[in-house]
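The values are calculated or read from the model by the stated rules, or taken from the named source; none is laboratory data. Since this is a predicted model, take the numbers as computed values, not measurements. Glycine also receives a Cβ, built like all others from the backbone with ideal geometry; neighbour counts cover every protein chain displayed. These accessible areas exclude ligands, DNA and RNA; they are computed on the full protein's heavy atoms, side chains included. Shrake-Rupley method; radii C 1.70, N 1.55, O 1.52, S 1.80 Å.
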Amino acid sequence: MQISFSAAALPKTGAILLPVFDDRKPTAAFAAVDKASGGAVARAMKAAAFEGKTGKILDIVSPGDLSNPFVFLIGAGAKKDFDALAAQNLGGAGAARALATREKSAVFALDGFSGGKISGGALAARVAHGARLKCYRFDKYRTKEEKADKPTLTKIAINTPAKDAKSEYAPLGKLGDGVFLTRDLVSEPANILYPEEFAKRCKKLVDLGVKVKVLGEAEMKKLGMGSLLGVGQGSVRESKLVAMEWMGGKKTDAPVAIVGKGVTFDTGGISLKPAPGMEDMKWDMGGAGAVTGAMAAIAGRKAKANVVGIVGLVENMPDGNAQRPGDVVKSMSGQTIEVLNTDAEGRLVLADALWWAQETYKAKTVIDLATLTGAIIVSLAHEFGGMFTKDDKLAKKLDAAGAASGDKLWRMPLTKNHDEMIKSDIADMQNIGGKGGGSSTAAAFLGRFIKDDVSWAHLDIAGMAWNTKDKPTCPKGGSGYGVALLDEFVRKNFE
Ligand code: BES
Ligand code: MN
Ligand code: ZN
């Protein structure tokens with residue numbers, strides 16, 4: 001999708017997208033379009049009793065003397081509440097409507113449109129960003145799609161007098177690139193995206209100035225990563241560990257580490273999952289996908305911060321050589337783990353990835369993202385990622401980044417008692433707790449691989465990585481959740 005900004009007169013072709021607050025006060029853009037239509041737009045709004053409610057759209061087809069085939073009034077809700085996320089959602093709503101026509105171009109007519117919490121170039125940029133996010137499609141495997149089903153829209157213009165719209169949009173364009181990369185990774189089937197292929201895609205970040213290191217099984221074995229390697233042991237695909245370094249900050253500043261679970265397919269292993277829905281486990285690399293997309297966004301906009309993204313990549317398969325329930329493995333940290341359930345594999349991967357991140361980069365802030373437990377979906381549905389941390393200050397920062405980015409988080413409990421629940425009879429710990437609190441015992445497990453002086457949070461994104469329904473700025477499929485969150489977290493706290 002081509003995105004452009006212009007202050008010139010509105011184009012004479014393509015769909016016009018005209019936002020309307022619930023006070024229905026005509027903006028300069030509205031007045032101009034209405035005048036050109038000979039008053040047909042205002043008459044249509046009145047006749048249809050259009051109220052400007054958020055997300056509501058009024059179709060006005062070929063109004064009066066206007067040469068454009070469509071004017072779509074896009075409800076913007078209450079002016080006083082209108083903020084960056086509302087602008088993004090408005091962009092998404094307008095784009096969705098334009099996509100459903102056979103038009104090649106659409107223009108958001110924003111002259112005089114100003115919200116209570118955002119205005120000018122910043123508002124225009126957010127509308128553009130939301131519109132672009134909504135236009136994402138993963139259609140590379142459709143070879144027989146009917147022409148009539150393929151969207152024709154290729155251009156979205158933002159008509160605004162704001163001179164800084166384009167510069168405001170620049171970092172959001174990079175964020176969008178990152179979100180799309182994550183959506184691509186999450187959407188790819190597991191026969192295409194296995195650890196080695198994932199690592200290859202990480203390597204493309206070199207073009208953005210990111211340093212990429214890839215460790216294979218031999219190197220990980222030397223480092224003593226028995227926990228991660230045990231998970232990949234039943235797969236014919238080689239496990240990988242990838243580090244993506246972006247050092248845009250001061251040389252002396254320790255980097256922030258963002259660590260992702262990258263299980264490219266999770267069958268459960270010998271503790272095999274049931275068949276229905278197992279296909280969902282192609283996106284069990286959603287944490288690693290978010291980390292990779294975030295690194296692309298952060299490097300893409302040349303953030304003045306030191307950030308390293310680390311992804312542990314494995315495929316969890318049942319096999320003659322797969323690890324068995326009851327096996328004891330030794331992690332890089334030296335701690336031993338009794339693997340009572342081979343389906344609780346994400347934490348085994350993260351145990352070594354987290355430890356390696358701290359040893360290698362001396363990071364003092366570590367955030368991990370993982371599609372870790374089904375239990376987090378029981379708690380938070382598909383509304384929030386679950387946040388686990390003992391650090392109240394870090395929780396506050398992440399909460400704020402979640403609210404600002406729209407990738408919402410909800411803090412969950414992580415206590416000493418949860419840690420008690422993973423005591424093993426024969427090893428230092430076991431990889432599952434008892435009944436109940438599955439997301440918290442998983443977090444407690446990860447906590448055993450965090451050094452005392454490190455500020456750490458674990459984000460369980462099992463309910464967020466995949467959308468089963470269309471969302472305002474995302475078609476159904478891979479969501480890209482976590483990219484905007486991490487980008488905002490870094491921007492606010494480390495630049
Ligand atoms: N990848 C799954 C968690 C998951 C479930 C992600 C549904 C997305 C949607 C994870 O590896 C897993 O299997 N967790 C088990 C843990 C249990 C064995 C303690 C679970 O949640 O059932
Ligand atoms: Mn599993
Ligand atoms: Zn898993």
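In debye to the nearest 20, how big a dipole does the range 2-161 give about its Cα centre with +1 on each Lys and Arg Cβ and -1 on each Asp and Glu Cβ?
In total the dipole reaches around 320 debye.
By average Cβ neighbour count within 10 Å, what is the ranking of 64-75, 290-301 from highest down?
290-301, 64-75
Can you give me the C-alpha center-to-center distance between the range 174-220 and the range 107-142, rounded to a whole angstrom?
The range 174-220 and the range 107-142 have Cα centres separated by 27 Å.
Quick one: which of K393/K423; K46/K134; K53/K393; K80/K166; K134/K302 span more than 27 angstrom between C-alpha atoms?
Beyond 27 Å between Cα atoms: K393/K423; K46/K134; K53/K393.
What fraction of the Cα pairs in the range 174-494, stated in percent, has a spacing above 25 angstrom?
Numbers: 21530 of 51360 pairs.
In whole percent, the share of Cα-Cα pairs in the range 174-494 beyond 25 Å is 42.
Hey, can you grab everything whose amide H is under 5 Å from the amide H of R411? Only 5+ residues off in sequence or another chain; H modelled, so Pro and N-termini drop out.
Here M387 satisfy the definition.
Percent of accessible area on the range 99-244 owned by carbon and sulfur, 1.4 Å probe?
Carbon plus sulfur share of accessible area: 50 percent.
At what distance in nm do the modelled label points of K469 and D164 sit from each other, each positioned 7 Å from its Cα along Cα→Cβ?
3.7 nm
Gain in length, A49 to K117, computed as 0.36 nm per residue apart minus the alpha-carbon separation, to one decimal in nm?
21.8 nm
Please work out the C-alpha center-to-center distance from the range 359-395 to the range 418-495 and express it in whole Å.
Between the Cα centres of the range 359-395 and the range 418-495 lies a distance of 3 Å.
Rounded to the nearest 500 deg cm²/dmol, what is the calculated helix-only ellipticity per residue at 222 nm for the chain, with -39500 (n - 2.57) per DSSP H run of length n ≥ 4?
Only helices count here, giving -10500 deg cm²/dmol.
Helix by helix through the chain, keep the DSSP H runs that span 15 Å or more along the axis on Cα and average at least 0.0 on Kyte-Doolittle, and give those back in order. Before the final figure, lay out the partial values.
Numbers: long enough: 84-99 (22 Å, 0.71); 120-134 (22 Å, 0.23); 165-187 (32 Å, 0.03); 286-300 (20 Å, 1.25); 346-361 (22 Å, 0.11); 392-405 (20 Å, -0.24); 483-494 (16 Å, 0.37).
Result, helices passing both filters: 84-99, 120-134, 165-187, 286-300, 346-361, 483-494.
Hey, what does the equivalent ellipsoid look like for the range 2-161, semi-axes from the Cα gyration tensor as sqrt of 5 times each eigenvalue, largest first, whole Å?
In descending order, the three semi-axes are 24, 19, 14 Å.
Go ahead and run the numbers for FRET between Q2 and T360, Cβ-Cβ distance against an R0 of 51 Å, rounding to 0.05. Please list the in-between numbers first.
Working: r = 41 Å, r/R0 = 0.80.
Efficiency at R0 = 51 Å is approximately 0.80.
Using the Karplus curve 6.51 cos²θ - 1.76 cosθ + 1.60 with θ = phi - 60°, work out ³J(HN,Hα) for each residue of the range 56-68 in order, rounded to whole Hz, and write x for Gly and Pro.
Result, ordered by residue: 6, 10, 10, 8, 10, 9, 6, x, x, 8, 5, 7, 5 Hz.
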